[in-house]
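*Asks:* I have a structure here, written as structure tokens, and I will follow up with some questions on it.
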4 protein chains.
Amino acid sequence: MELINVAIAGATGYSGEELIRLLIRHPGIELACVTSRGNAGLRLEEVFPKFQGHKYSALKFSASEPAEIVASGAKVAFLALPHGAAASFASALLKAGLRVIDLSADFRIRDPAVYKDFYGQDHPAPELLLESVYGIPELYRAQLRTAQLVASAGCYPTSITLPLHPLLKGRLIDPASIVVSSMSGVSGAGRNVAADYLYVECNENARPYGVPKHRHLAEIEQELSAAAGERVVINFTPHLIPVTRGILSTIYAMPHPGVDAGAISAALETAYGDEIFVRLQGDHGTVELKNVAWSNFLDIAWRHDPRTGRVILMSAEDNLVKGAAGQAVQNMNIMCGWPETTGL
Amino acid sequence: MELINVAIAGATGYSGEELIRLLIRHPGIELACVTSRGNAGLRLEEVFPKFQGHKYSALKFSASEPAEIVASGAKVAFLALPHGAAASFASALLKAGLRVIDLSADFRIRDPAVYKDFYGQDHPAPELLLESVYGIPELYRAQLRTAQLVASAGCYPTSITLPLHPLLKGRLIDPASIVVSSMSGVSGAGRNVAADYLYVECNENARPYGVPKHRHLAEIEQELSAAAGERVVINFTPHLIPVTRGILSTIYAMPHPGVDAGAISAALETAYGDEIFVRLQGDHGTVELKNVAWSNFLDIAWRHDPRTGRVILMSAEDNLVKGAAGQAVQNMNIMCGWPETTGL
Amino acid sequence: MELINVAIAGATGYSGEELIRLLIRHPGIELACVTSRGNAGLRLEEVFPKFQGHKYSALKFSASEPAEIVASGAKVAFLALPHGAAASFASALLKAGLRVIDLSADFRIRDPAVYKDFYGQDHPAPELLLESVYGIPELYRAQLRTAQLVASAGCYPTSITLPLHPLLKGRLIDPASIVVSSMSGVSGAGRNVAADYLYVECNENARPYGVPKHRHLAEIEQELSAAAGERVVINFTPHLIPVTRGILSTIYAMPHPGVDAGAISAALETAYGDEIFVRLQGDHGTVELKNVAWSNFLDIAWRHDPRTGRVILMSAEDNLVKGAAGQAVQNMNIMCGWPETTGL
Amino acid sequence: MELINVAIAGATGYSGEELIRLLIRHPGIELACVTSRGNAGLRLEEVFPKFQGHKYSALKFSASEPAEIVASGAKVAFLALPHGAAASFASALLKAGLRVIDLSADFRIRDPAVYKDFYGQDHPAPELLLESVYGIPELYRAQLRTAQLVASAGCYPTSITLPLHPLLKGRLIDPASIVVSSMSGVSGAGRNVAADYLYVECNENARPYGVPKHRHLAEIEQELSAAAGERVVINFTPHLIPVTRGILSTIYAMPHPGVDAGAISAALETAYGDEIFVRLQGDHGTVELKNVAWSNFLDIAWRHDPRTGRVILMSAEDNLVKGAAGQAVQNMNIMCGWPETTGL
């Protein structure tokens, strides 16, 4: 196939670095531009010695400007920028005719009031909110094909929304009963040079954070509400654990009266039985971070507990792949009409 | 004070090793006997080079027989044995007049039918079940003073029972609403030479296990039911995470109508405000494994979530200390009339 | 290109598992047979859930018999077996006309007396020793092209031999002055279910082992002697560190009088300047495990210390890739006439 | 015994934090003052939640000024400050009559020219250099008893100097032959909020640094030269490994002609056989970080390699205890005439 030029804005964060790793081996694209605020002018291999000897190792970082991306001839731009900055890049790039895949939270929330509630500021480009497509391929594949602006879904939301979506859509569980405990590797905090993320502070440690109103709740509840056809409000507690990569979510919900274990399994099988990147482990299997690390898979296992009546869903993904860069590439593959697994 | 001879049966497991560490610096006791099936005849420092240069480094392991313990003149025996074996030692030692602190599950369950349900075998010494005192000092201090047989509480149960107890006792939360997600360090599995616990299998990994009916549910629900005055059945999901030490539990419950955040805080303050080893972090504080590692503290923080109405309780402890050896020593201190912090 | 059937004997160890990971994406081969003593009859995805959804996930493990491999139509067999067992498989497979790439130590030592000295037993197939080619492509590329039996080099030897080879061959350093300290991730011990490799024993720990006569010295000194044209005897101390993957070697040697820093750099540049999998970081760069993890690269940096006169060479590789499975695939690529990077 | 008031300047770094941990249980002192540039006014338990419920938890950090320390009535001051700052504090505190135990490098180097060579600046208080006593108790116990200013030895130097000292003093090894490879846990870098020490950058990684002229060489060579009676110049390569605590050094040296293995062992036994904090593991034993973690022990094992003739010495210590805070407390115990193990 003909190669398409792509760009990565903010290519020195962990999501950007992972995008580079994946795009190096993607047969459909030419990496035309990588931007960085702090490393403009340096070669990729200087900033990331691990990319020495790879394609693009001599590619130089451009300044962090939309104009640089446009000038590179890129047709698709990945934005791995902080929220706020991403919106500004997206506006400029869309105007210049590029298709944009944003990995930040900027275009995930359709309601500007919810955005302001969770992110503490007015949305920088509210006119783009309705145009954007929420980037979980398993839920929005049709819309992604023609999307100009994709809000690639976040790491926690992907791990929580996918298991719950078919159960809410099928009215199988009580939305008010949902409780989620997740644990994430430290790369989820980004390349954030803060004392909290030092090796000595994270090693041999674990801790909850963002309790009870973590920002990712905004998009999780938006998508669960869309599935349920009613407003869904849940409890969600993220925890930081000492691994580099991975998110594991354990989800509790009460089935509606009369819904049995078989109906739960059937709903999940129907929804994801044909999905290549969602691997159903069934009601006897399990999930582990090591099974999904470095891959674009989301694993889901579940149990019905006859003692309490609840269903327990467990999911695992690599937060940098299915939770970030891999999903973004999967979205691109759909947008470009390529097989969804290309480069993944 | 006069020194009391004590013994440890099963001193080469992780709980036994931790008991040695704590008893080395305990001013009230003389470590008279340590038993081991595999290392009888070896000196403590041969099996554990880290104990070289410490008191007792030349103490030799005895064969794993109750008679060895009796012969040592021990007045108190810690049992760090597998369940089943512990019951048999306890019977013999109690008959010989020793006081026994059992770290296994053998005497934690008062109802032999529940024991059989969760442990898959008939209880080996049912006549002792009613005699034993459940070894959480903060709940059973009075009974511990005169106890001959203490069933020192397990790691998960301690981290879950203590936060919930005052809320159930005060009828502040709906027992049917309780959901618990816990994560444990790998030492919680004991010195278990199995592929699942190899470094390469645990490092950069995390996984749920024992879903939905982990054995510790038996004692957790027994104690929660006692507090609530009614049968309590909960969801509890343990997870293995790559740290050596520590348990972190995140607990969700729905307050009864009319119960506000202040009542939750007040109940916890009333219950534990004067407890030295329970540190309340309040409704703005947090818990982290690193704050409790190598100590006998249990930290508890909590939040009321106005969005869902639930209360979230978070607790952290060192599974080998407050979750095992430290709590056992705390129990001994109470039994012997010593200050509870002695040696801790 | 036409697909060639290949087999992996002993596919459930860490090297075998890594071979599967690499061969899944190798465009030149068809994985026709994987053998296992303990898991015969199970599908690949049952033993390794991470391989679900991949090519070959339904491939069943065969019994650990050379006949199974021959029956599969394999033209090339990788042996990821314990030493001793490997020799017996190799004999049978070579007789059946297969080409064999052995990852064990069985055919690395040309002198049966040295084998016996280091491995404590007579060599099981001495007649094959002279036929085998030592599998470091950068040193034996020409011979590998037509080799029937390749003794793919070990993890420590690769990380030590490659940096030293050009300096010894050029008579730039005193062979008697060589001292090497290496550190290895725990996967280097294989999937060895022993107490020493439990998570709790390896985490927050590091230790030397095999001092002063580790088995890998046999092949290291053999190859260094070949380069130097004289018998070379060195000090080598391996250390276990708490990472899953990676070997880092730090090597000290005294240049011969009159040899300056420039000559050292020139020799390394001449030897490896055109090698794709050896990345020279020069006398100002450095090496880190994270730069080579999951890749087939060996990174080398060096310094001349004017204070002592010594040269310090530092190398890093992934022990499971360039130190095992990756190098084996690189050897296969050469044997089959494919580009050396195929599948890597 | 009567309590002596002590102070810690710079109590929020890792060495300062460890000093607090040790001094909390030291029966001879009263912690009268802890200083901090960034946390003045906060209580100890606010900065370090782990110290809640301990003695001194309500002690407030003072401003980082010598006057604050003097005003506290402290008779002994520990300086856990950056080099440069330490010298300035020391001058002021000595003038005020305090005894000073400095954990920085400021007073370890007797020759101001060497200080300038390694630290890149003129020594800030050269007149104090000759007055200071190098704080390794096993080497300078007599002088420490009356010292006013102690330069408590660093982590790498302690682990390297102690094993080599008796061999050089006894003229058993060739000083020109010494090569040292060490590995350190990340806490050795201090609470240094820099990208290099982030969890994600250190986990699953290892790397050499400071090659070939690490600053600690200055004090190592000074002390080795004093032992040898001649100028000693060595190779020393430190490596960062993913553990929180611990230093492991592997040391190579060539015995002088005629010196046999027995003489090496005898020299070490003579030097340290009676030392409580140096544990000799002999020529068959080994060293591991886990055996010394959280303790003030330095373990030493050794081998004579008949193949090369070299002796290999291996040592392990906790870099925060015997390599920093523990050794400082040991020094204080000697200065105050207390048993050396007090509080350790």
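*Asks:* How many partner chain Cβ atoms sit within 10 Å of a residue's Cβ in peptide C:39-51, on average, as a whole number? Walk me through the numbers before you get to the answer.
*Replies:* Values: counts 0, 0, 0, 0, 0, 0, 1, 0, 0, 2, 11, 10, 2.
Counting Cβ atoms of other protein chains within 10 Å of each residue's Cβ and averaging gives 2.
*Asks:* What whole number of Å gives the distance from the Cα centroid of region D:190-215 to the Cα centroid of region C:13-30?
*Replies:* Taking the Cα centre of region D:190-215 as reference, the centre of region C:13-30 is 33 Å away.
*Asks:* In nm, to one decimal, how far is the modelled label at C:Lys95 from the one at C:Ala63, with both set 7 Å along Cα→Cβ?
*Replies:* Result for the modelled spin labels: 1.8 nm.
*Asks:* Something else: From the Cα gyration tensor of region A:124-255, with a ≥ b ≥ c the square roots of its eigenvalues, which class applies: rounded if a/c is under 1.5, or else prolate if a/b is larger than b/c, or else oblate? Working shown, then result.
*Replies:* Values: a/c = 2.21, a/b = 1.35, b/c = 1.64.
Since a/c reaches 1.5 but b/c is at least a/b, the shape of region A:124-255 is classed as oblate.
*Asks:* At what distance in angstrom do the alpha carbon centres of region A:102-176 and region D:120-171 lie from each other?
*Replies:* 62
*Asks:* Report the semi-axes of the equivalent ellipsoid for region A:4-53 in whole Å, largest first, where each axis is √(5λ) for an eigenvalue λ of the Cα gyration tensor. Before the final figure, lay out the partial values.
*Replies:* On the way: eigenvalues 55, 31, 20 Å².
Each semi-axis is √(5λ); the values are 17, 12, 10 Å.
*Asks:* Taking the label point 7 Å from Cα in the Cβ direction, how far apart in nm is B:Tyr209 from each other copy of itself, listed shortest first?
*Replies:* Copy-to-copy label distances at B:Tyr209, shortest first: 2.2, 2.7, 3.5 nm.
*Asks:* Lysines near D:Lys55 by alpha-carbon distance under 19 Å, same-chain residues fewer than 8 away left out - which ones?
*Replies:* Once the sequence-local lysines are set aside, what remains near D:Lys55 is B:Lys290.
*Asks:* Need the per-residue list for region A:212-252: every residue with at least 40 Å² less accessible surface in the complex of protein chains than in the chain by itself, probe 1.4 Å, sorted by number.
*Replies:* Buried by the other chains: A:Pro212, A:Val233, A:Asn235, A:His239, A:Pro242, A:Val243, A:Thr244, A:Tyr252.
*Asks:* Rounded, prolate or oblate, given the Cα gyration tensor of region A:1-95, with a/c below 1.5 counting as rounded?
*Replies:* Oblate, since a/c reaches 1.5 and b/c is not below a/b.
*Asks:* May I pose another question? Using a Gaussian network model of chain A whose springs link C-alpha atoms within less than 10 Å, name the residue from A:Gln327, A:Gln148, A:Gln121 with the highest mean-square fluctuation.
*Replies:* Sorting by GNM fluctuation, first place goes to A:Gln121.
*Asks:* Would you please give the residues with an amide H less than 5 Å from that of A:Ser62, counting only those at least 5 places away or on a separate chain, with H modeled from the backbone geometry?
*Replies:* Long-range HN contacts for A:Ser62: A:Val34, A:Thr35, A:Ser36, A:Gly41.
*Asks:* Under 20 Å Cα to Cα from C:Lys60, which lysines show up? Leave out anything in the same chain fewer than 8 places away.
*Replies:* Partners found: C:Lys50, C:Lys75.
*Asks:* Can you grab the distance from the C-alpha centre of region D:325-344 to the C-alpha centre of region C:36-69, Å, no decimals?
*Replies:* 60
*Asks:* What do you reckon, how do D:Val180, D:Val200 stack up by accessible area (1.4 Å probe), largest on top? Could the numbers behind the result be given before it?
*Replies:* Working: D:Val180 0, D:Val200 25 Å².
Listed by decreasing accessible area, they come as D:Val200, D:Val180.
*Asks:* Nm distances between the label at D:Lys116 and the same-position labels in the remaining copies, 7 Å along Cα→Cβ, shortest first?
*Replies:* Shortest to longest, the spacings are 6.4, 6.5, 8.7 nm.
*Asks:* For a paramagnetic label modelled at 7 Å from the Cα of A:Val233 toward its Cβ, which residues of region A:88-119 fall within the zone defined by backbone nitrogen distances under 20 Å?
*Replies:* Output list for this probe position: A:109-119.
*Asks:* Rolling a 1.4 angstrom probe over the protein heavy atoms, how many square angstrom per residue are accessible across region D:221-344?
*Replies:* On the way: 3370 Å² over 124 residues.
Ligands and nucleic acids excluded, the result is 27 Å² per residue.
*Asks:* Which residues of region D:180-197 bury at least 50 Å² of accessible area once all protein chains are present, versus their chain alone (1.4 Å probe)?
*Replies:* At a threshold of 50 Å² (probe 1.4 Å), the residues of region D:180-197 that become less exposed are D:Met183, D:Val193.
*Asks:* Also, quick follow-up: How far, in degrees from 0 to 90, does helix B:85-95 lean away from the longest principal axis of the Cα atoms of chain B, to the nearest 10?
*Replies:* It works out to around 70 degrees.
*Asks:* Would you calculate the separation in nanometres between label points at A:Thr146 and B:Thr270, each defined as 7 Å from the Cα along the Cα-to-beta-carbon direction?
*Replies:* Output for this residue pair reads 6.4 nm.
*Asks:* So what is the accessible area of region C:28-105 per residue, in Å², with the probe set to 1.4 Å?
*Replies:* On the way: 2990 Å² over 78 residues.
With all protein chains present, region C:28-105 gives 38 Å² per residue.
*Asks:* Setting aside same-chain residues fewer than 8 positions from B:Lys116, which lysines have a Cα under 30 Å from its Cα?
*Replies:* Partners within reach: B:Lys95, B:Lys169, B:Lys213, B:Lys322.
*Asks:* Report, in debye and to the nearest 20, how large the dipole of region C:262-344 comes out about its Cα centre when Lys and Arg carry +1 and Asp and Glu carry -1 on their Cβ.
*Replies:* 220
*Asks:* Expressed as a whole percentage, what fraction of the accessible surface of the protein assembly as shown belongs to carbon and sulfur atoms when a 1.4 Å probe is rolled over the protein heavy atoms? The partial results should precede the final answer.
*Replies:* Values: 22460 of 43770 Å².
Roughly 51 percent of what the probe reaches on the protein assembly as shown is carbon or sulfur.
*Asks:* In the Gaussian network model of chain A, springs joining C-alpha atoms below 10 Å, which of A:Glu68, A:Glu138, A:Glu230 carries the largest mean-square fluctuation?
*Replies:* A:Glu230
*Asks:* Name the chain B residue with the Cβ nearest the axis that maps B onto C: which is it, and what is the distance in angstrom?
*Replies:* Nearest to the symmetry axis by Cβ: B:Tyr199, 2.
*Asks:* Right, here's the next one. Between the DSSP loop rule and a limit of at most 13 other Cβ atoms within 10 Å, which trypsin sites (Lys or Arg not before Pro) in region A:235-338 are left? Before the final figure, lay out the partial values.
*Replies:* Working: sites: A:Arg245, A:Arg279, A:Lys290, A:Arg303, A:Arg307, A:Arg310, A:Lys322; in loops: A:Arg245, A:Arg307, A:Arg310.
Passing both the DSSP loop test and the Cβ count: A:Arg307.
*Asks:* What quantity of accessible surface, computed with a 1.4 Å probe and excluding non-protein components, is buried in total between chains A and C, in Å² to the nearest 100?
*Replies:* Chains A and C together bury roughly 1300 Å² of accessible area.
*Asks:* Roughly how many debye, to the nearest 20, is the charge dipole of the protein assembly as shown about its Cα centre, given +1 on each Lys and Arg Cβ, -1 on each Asp and Glu Cβ, and no other charges?
*Replies:* Working: 116 positive and 140 negative charges, 0 e Å.
In total the dipole reaches around 0 debye.
*Asks:* Tell me what the protein assembly as shown gives for mean residue ellipticity at 222 nm when only DSSP H runs of n ≥ 4 count, each as -39,500 (n - 2.57), the sum divided by the residue total, rounded to 500 deg cm²/dmol. Working shown, then result.
*Replies:* On the way: 48 runs with 424 residues, N = 1376.
For the protein assembly as shown, the value works out to -8500 deg cm²/dmol.
*Asks:* At D:Lys55, with labels set 7 Å past Cα in the Cβ direction, how many nm apart are the copies from this one, shortest first?
*Replies:* Counterpart label points of D:Lys55 in the remaining copies fall at 1.7, 6.6, 6.8 nm.
*Asks:* Still on this structure, please answer the following. Binned at 10 Å from 0, what are the whole-percent values of the Cα-Cα distance distribution for the protein assembly as shown, short to long?
*Replies:* 2, 8, 15, 20, 21, 18, 11, 4, 0
*Asks:* Please average, across the residues of C:272-282, the number of beta carbons from any other chain that are within 10 Å of each residue's own beta carbon, and give a whole number.
*Replies:* On the way: counts 0, 0, 0, 1, 1, 1, 1, 6, 1, 2, 0.
That works out to 1 on average.
The values are calculated or read from the model by the stated rules, or taken from the named source; none is laboratory data. Just so it is clear, the structure is predicted and the values come from calculations on it, not from any experiment. Virtual Cβ from ideal backbone geometry, glycine too; neighbours counted across all protein chains shown. To get the accessible areas, we keep the full protein, side chains included, count just its heavy atoms, and leave off ligands, DNA and RNA. Shrake-Rupley method; radii C 1.70, N 1.55, O 1.52, S 1.80 Å.
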